[in-house]
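The values are calculated or read from the model by the stated rules, or taken from the named source; none is laboratory data. All values derive from a computational prediction rather than experimental measurement. All Cβ positions, even for glycine, are placed from backbone atoms using ideal geometry, and neighbour counts span all protein chains on display.
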Amino acid sequence: MSIKRLVLVVSAIALSCPAFAAGINSLTYTCADLQALIAARGYIYIGNPNFQDFVVANPSLCSGGEQRLLQSLPTTDRAECPVNYCGPARGNRSD
């Protein structure tokens, strides 16, 4: 098996792993490190028990019917670390 093929197979296995799919746990980062990670990647998936969604670096990453909302997540150094996420625009909810 070639090295390229081995790397491809190992990568596919790693990406299908449930731990990878669970997202980032904000409790393993400081607030500054979490915000830097979001800024570097543009968006990340947070997989905490009380919040499971994508957070974004800026509102341009929200789709047409969404707006930027502020969410506070716990981190190693803060109980409330502010992050942006995209949610339904006010007035567009069906509930």
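Observations, loosely collected:
- Residue in region 27-42 that is in contact with a Phe, Trp or Tyr (Cβ under 9 Å, 6 or more places away or on another chain), at pLDDT 90 or above, outside any helix (DSSP H, G or I) and surrounded by 15 or more Cβ atoms within 10 Å (Cβ to Cβ) present: no
- Pairs linking a residue in region 45-69 that is hydrophobic (A, V, I, L, M, F, W, C) to a residue that is part of a loop (DSSP other than H, G, I, E, B) and crowded, with 16+ Cβ neighbours inside 10 Å, with Cβ atoms under 7 Å and 6 or more positions apart or on different chains, are Ile46/Gly23; Val56/Cys62.
- Exclusive hit being of a type in the set (A, V, I, L, M, F, W, C) and modelled with pLDDT of 95 or more, set Cys81, Cys17, Cys86, Cys62: Cys81
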